[in-house]
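K.L.:
Shown below is the structure under consideration.
The values are calculated or read from the model by the stated rules, or taken from the named source; none is laboratory data. Predicted, not measured: the structure shown is a model, and the values here were computed from it. Cβ placement follows ideal geometry from the backbone for every residue including glycine, while neighbour counts extend to all protein chains displayed. Protein only, heavy atoms only, side chains kept; ligands, DNA and RNA dropped before computing areas. Shrake-Rupley method; radii C 1.70, N 1.55, O 1.52, S 1.80 Å.
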Amino acid sequence: MDRTSVKIVVAGGFGTGKTTLVSSVSEIAPLTTEELLTEASLGVDDTTHVEDKTHTTVALDFGRITISPDVVLYLFGTPGQDRFWFMWDELAQGAVGAIVLVDTRRLDTSFAAVDYFERRGIPFVTAVNQFNGQCAYTEEEIRGALELDPQVPLVWCDARDRESSKLALIALVRHAMNRLRVPA
Amino acid sequence: MPDRWDGDDESEAGRFVPLYILVNGRTSPRDSKLDLATQVIALQVDANRLEPEYVQILNQCGNWISIAEIGAYLRIPLTIVKVMVDVLLEQGYLGIGSPAQQKVIDMSVLDALLAGLERL
């Protein structure tokens, strides 16, 4: 049966506007699904009260855009906390790529996401979310602070604005296409 | 007693059968290609013999729907949805689309995606 799912990951630090971006372009109100965490995936933290614990879950917000009768795009926001890295692997596997949202007041919170996609060779664009008005930094300053590879596109966006979020998605798809033509 | 079941943690969802029984103790789907974005659709098959929890999933699948959406609407954790969907696939109650999880995204899909986004 010909029904293809396409995934794009929306990453970035806590409060950078991931769910906002998903909401502004999704055709459905963003949904939340949960994944169970095993002790193994949680690592070694907090084993003292493990017997009281029934289970721990991590929530994932996502949206959907019907591209054509056969192709549906799913946008998955990454869970905010760093200890849920293992979920990123499932989200990133087979994804077209990622949008890494950046809040210029807290550049450091998006550093881990940049690093994650860079290391795995997954195409990504950085989208500087300007929901607080004019950005105090130049593109060069932001690139420098995030140690971005010159080939990684940087776009300015307002995650609340549908058109602006759409342009960030388009920038990512074009970047992924270029990468496919000229493998890195 | 590490495996003791106190029956409490699912009561809010009104679930009377523990999930591990519903999935026959399976912990992972047979088909590891099942991704949270993989879409499925209900096939026209008599579902009378199925447990209500499985029927609930089939009822969500009148049109193509992803595993993540089923989990969100029915409030079932993804790991469990995957195993239950896998059981339904195996028994011929569901049809499956192309999984998102493939190593190489082909150019034709990206072309369609780009055109679709530009039309939005």
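K.L.:
Suppose we filter A:100, A:152 for residues that are part of a loop (DSSP other than H, G, I, E, B) and modelled with pLDDT of 95 or more; which single one remains?
P.N.:
A:152
Okay, residues lined up against (1) at pLDDT 90 or above; (2) closer than 19 Å to residue A:93 by Cα:
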{"site": "A:11", "(1), (2)": "yes, yes"}
{"site": "A:17", "(1), (2)": "yes, no"}
{"site": "A:26", "(1), (2)": "yes, no"}
{"site": "A:38", "(1), (2)": "no, no"}
{"site": "A:41", "(1), (2)": "no, yes"}
{"site": "A:49", "(1), (2)": "no, no"}
{"site": "A:60", "(1), (2)": "yes, yes"}
{"site": "A:68", "(1), (2)": "yes, no"}
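K.L.:
Applying the selection to region A:143-158, what residues are within 15 Å of residue A:171 (Cβ to Cβ), in contact with a strand residue (DSSP E or B) (Cβ under 9 Å, 6 or more places away or on another chain) and not charged (D, E, K, R)?
P.N.:
Once the filter is applied, which keeps residues that are within 15 Å of residue A:171 (Cβ to Cβ), in contact with a strand residue (DSSP E or B) (Cβ under 9 Å, 6 or more places away or on another chain) and not charged (D, E, K, R), region A:143-158 yields A:148, A:152, A:153, A:154, A:155, A:156, A:157.
K.L.:
Take region B:61-99 and flag every residue that is away from chain A (no Cβ under 12 Å), farther than 23 Å from residue A:57 by Cα and either of a type in the set (D, E, K, R) or open to solvent by 40 Å² or more (accessible area, probe 1.4 Å) (or both).
P.N.:
B:62, B:90, B:91, listed by residue number.
K.L.:
I would also like to ask the following. Can you pull out every residue in region A:92-103 that is of a type in the set (Gly, Ala, Ser) and either closer than 20 Å to residue A:156 by Cα or crowded, with 22+ Cβ neighbours inside 10 Å (or both)?
P.N.:
Correct list: A:95, A:97, A:98.
K.L.:
Has region A:73-81 got any residue that is touching a residue at least 40 places away in the same chain (Cβ under 8 Å), within 14 Å of chain B (Cβ to nearest Cβ) and at positive phi?
P.N.:
No, there is no match, as no residue in region A:73-81 is touching a residue at least 40 places away in the same chain (Cβ under 8 Å), within 14 Å of chain B (Cβ to nearest Cβ) and at positive phi.
K.L.:
I'd like the residue in region B:43-60 that is in contact with a strand residue (DSSP E or B) (Cβ under 9 Å, 6 or more places away or on another chain) and open to solvent by less than 30 Å² (accessible area, probe 1.4 Å) and, out of all such residues, is farthest from the other protein chains (Cβ to nearest Cβ).
P.N.:
B:58
K.L.:
Among the listed residues A:89, A:149, A:115, A:161, identify the single one that is surrounded by fewer than 16 Cβ atoms within 10 Å (Cβ to Cβ) and over 15 Å from the mean Cα position of the chain (by Cα).
P.N.:
Being surrounded by fewer than 16 Cβ atoms within 10 Å (Cβ to Cβ) and over 15 Å from the mean Cα position of the chain (by Cα) holds for just one of A:89, A:149, A:115, A:161, which is A:149.
K.L.:
Can you pull out every residue in region A:123-145 that is in contact (Cβ under 8 Å) with a residue 40 or more places away in the chain and closer than 22 Å to residue A:22 by Cβ?
P.N.:
A:123, A:124, A:125, A:127, A:129, A:131
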